């Protein structure tokens, strides 16, 4: 969704009630009940075909590790299969309301991070798959992920159902609340402990406070103390910890460092001047999370004033897994797509977030361990899962409100008890499909069609 290329009719004002009415009218096109059913789509790849297709361009030696992580649980499989779900969503009816999607809005992609003023906020935090598309795709992925996370945690089907229901209900309620606010107020809406209290997620507050305390300590200085060392000559290096952290060749290190010049052109002038004050001491390769295993990911150790460490992450960006099913052309630069999507969806992004190219591949660049933290949804009790779902639903509505007319969305979702029930039904149906896919991946490994390890 390139807001810079949109033409605007600056003289036409839309009354709130007209926008709301337009949204309600869209239910004549896609009634709430149409969202309840999931059916396998024509031409659906086998799991072996999916793994092979999505392994293209990844570091070959890391592909078995990706499969191993996907086999940890059905929820882990789901986290690594955004493209498979996009294939299945492509034929689903939608309201026609387009948002800048998170793209991979599963429950484990809600996390904590530090703002530039040092405060810890909560938001969706992984935008590798971001693209403009139907808002329903994000909501369905979030709802399904809560069922799968709850099942891993041993939460009963009844309580998983309650968590999904509350997630969708809070999405609707948050959209309605944002639709009633001045545009600027809704644009800068942030999530913190007060947000949890407002939406009734009291049981989760202790979990959040513990995660926030850990996040405040999760800095470049802490990472440098753990993963680097200095020798008698004054050299400052990463300490290898294979397979997670490994050295790179001089050629690769030079290419990564050379890419920092392009990166600085994607930052505001003041921040470009700031980052140029640092000196690079070392570059290492680090394996990243489930969906990104096998993509190239580098850590850059930099030294600032005195013994001040700074670690940048230079992470490969490939095309969104959703793009083929949304009819979108490849982006001119996939790192730029991720960064622009992040800036549009998040209420507050990393100030050093930018993009670059290294050896002909696209990358994003950001601070590593920027006071980041998380709560594992697959380890929550049924009380906490319910609270977590409410939080995630409200956050997703706020994220979508930044790229669409939330008044139209609120109109479509109004009187939405039937929408809640439809999406609960969908979430359980697709969670069952995911468990079947997970079992098929295990069989493919046992047949020797897919390597693991």
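So is residue 451 buried (at least 19 other Cβ atoms within 10 Å of the Cβ), touching a helix residue (DSSP H, G or I) at 6+ places or on another chain (Cβ under 8 Å) and farther than 21 Å from residue 92 by Cα or not?
Numbers: buried (at least 19 other Cβ atoms within 10 Å of the Cβ): no; touching a helix residue (DSSP H, G or I) at 6+ places or on another chain (Cβ under 8 Å): yes; farther than 21 Å from residue 92 by Cα: yes.
The answer is no for residue 451.
Quick one: count up the residues across the stretch 242-267 that are more than 13 Å from residue 283 (Cα to Cα) and at pLDDT 95 or above. If you could, list the steps in order and put the result at the bottom.
Just the residues of the stretch 242-267 that are more than 13 Å from residue 283 (Cα to Cα), to begin with: 242-244, 261-267.
The next check asks that each one be at pLDDT 95 or above; those that pass are 261-267.
Number of matching residues: 7.
Those residues that are in a helix (DSSP H, G or I) and closer than 17 Å to residue 431 by Cβ, I need them from the stretch 29-51; list them, please. Full working, then the answer.
Of the residues in the stretch 29-51, the ones in a helix (DSSP H, G or I) are 32-35, 47-51.
Result: 35, 47.
Has the stretch 34-49 got any residue that is loosely packed, with under 14 Cβ neighbours inside 10 Å, in contact with a strand residue (DSSP E or B) (Cβ under 9 Å, 6 or more places away or on another chain) and at pLDDT below 95?
No, the conditions are met nowhere in the stretch 34-49.
Suppose we filter the stretch 226-251 for residues that are surrounded by fewer than 17 Cβ atoms within 10 Å (Cβ to Cβ) and in contact with a strand residue (DSSP E or B) (Cβ under 8 Å, 6 or more places away or on another chain); how many remain? Don't jump to the end; show me each part of the working.
Residues of the stretch 226-251 surrounded by fewer than 17 Cβ atoms within 10 Å (Cβ to Cβ): 226, 229-235, 237, 239-247, 249-251.
Filter once more, keeping what is in contact with a strand residue (DSSP E or B) (Cβ under 8 Å, 6 or more places away or on another chain): 229-231, 235, 237, 239-240, 244-247.
Final tally of qualifying residues: 11.
Would you check which residues across the stretch 1-33 are in contact with a strand residue (DSSP E or B) (Cβ under 9 Å, 6 or more places away or on another chain) and either surrounded by 13 or more Cβ atoms within 10 Å (Cβ to Cβ) or more than 25 Å from residue 137 (Cβ to Cβ) (or both) and list them?
1
Which of the residues that make up the stretch 374-386 are surrounded by fewer than 24 Cβ atoms within 10 Å (Cβ to Cβ) and assigned to a helix (DSSP H, G or I)? Quick ask: steps written out before the conclusion?
First pass over the stretch 374-386, keeping only residues surrounded by fewer than 24 Cβ atoms within 10 Å (Cβ to Cβ): 374-376, 378-379, 381-384.
Across the stretch 374-386, the qualifying residues are 378, 379, 382, 383, 384.
Taking the conditions exactly as written (surrounded by fewer than 20 Cβ atoms within 10 Å (Cβ to Cβ) and not assigned by TED's automatic domain parsing to the domain that holds residue 61), does residue 361 satisfy them or not? Let's see the steps before the verdict.
On the way: surrounded by fewer than 20 Cβ atoms within 10 Å (Cβ to Cβ): yes; not assigned by TED's automatic domain parsing to the domain that holds residue 61: yes.
So residue 361 fits the description; yes.
Specify the residue that is nearest to the chain's Cα centre (by Cα); the eligible residues are those in the stretch 107-140 that are part of a helix (DSSP H, G or I) and farther than 25 Å from residue 214 by Cα.
Within the stretch 107-140, the first condition is being part of a helix (DSSP H, G or I), and the residues that meet it are 107-109, 135-140.
Of the ones still in play, those that are also farther than 25 Å from residue 214 by Cα are 135-140.
Working: 135: 14, 136: 16, 137: 13, 138: 10, 139: 13, 140: 14 Å.
Looking at the filtered set, the residue picked out is 138.
For the stretch 152-189, give me each residue that is out of contact with any helix residue (DSSP H, G or I) (no Cβ under 7 Å at 6 or more places or on another chain) and either assigned to a helix (DSSP H, G or I) or buried (at least 24 other Cβ atoms within 10 Å of the Cβ) (or both). Step through it out loud before you land on a result.
To start, the set of residues in the stretch 152-189 that are out of contact with any helix residue (DSSP H, G or I) (no Cβ under 7 Å at 6 or more places or on another chain) comprises 154, 157-158, 173, 177, 180-185, 187-188.
Residues satisfying the conditions are 157, 158, 173, 177, 183, 184, 185, 187.
Which one of 431, 427, 397 is more than 23 Å from residue 69 (Cα to Cα) and either buried (at least 24 other Cβ atoms within 10 Å of the Cβ) or touching a strand residue (DSSP E or B) at 6+ places or on another chain (Cβ under 8 Å) (or both)?
Values: 431 fails: more than 23 Å from residue 69 (Cα to Cα); 427 fails: more than 23 Å from residue 69 (Cα to Cα).
Of the residues listed, the single one that is more than 23 Å from residue 69 (Cα to Cα) and either buried (at least 24 other Cβ atoms within 10 Å of the Cβ) or touching a strand residue (DSSP E or B) at 6+ places or on another chain (Cβ under 8 Å) (or both) is 397.
Just to be sure, is residue 278 modelled with pLDDT of 95 or more, touching a helix residue (DSSP H, G or I) at 6+ places or on another chain (Cβ under 7 Å) and buried (at least 18 other Cβ atoms within 10 Å of the Cβ)? It would help to see each step written out before you state the result.
Values: modelled with pLDDT of 95 or more: yes; touching a helix residue (DSSP H, G or I) at 6+ places or on another chain (Cβ under 7 Å): no; buried (at least 18 other Cβ atoms within 10 Å of the Cβ): yes.
In short, no.
The values are calculated or read from the model by the stated rules, or taken from the named source; none is laboratory data. Remember, predicted model here, so these are calculated numbers, not experimental data. Using ideal geometry, Cβ is built from the backbone for each residue, glycine included, and neighbour counts are taken over all protein chains shown.
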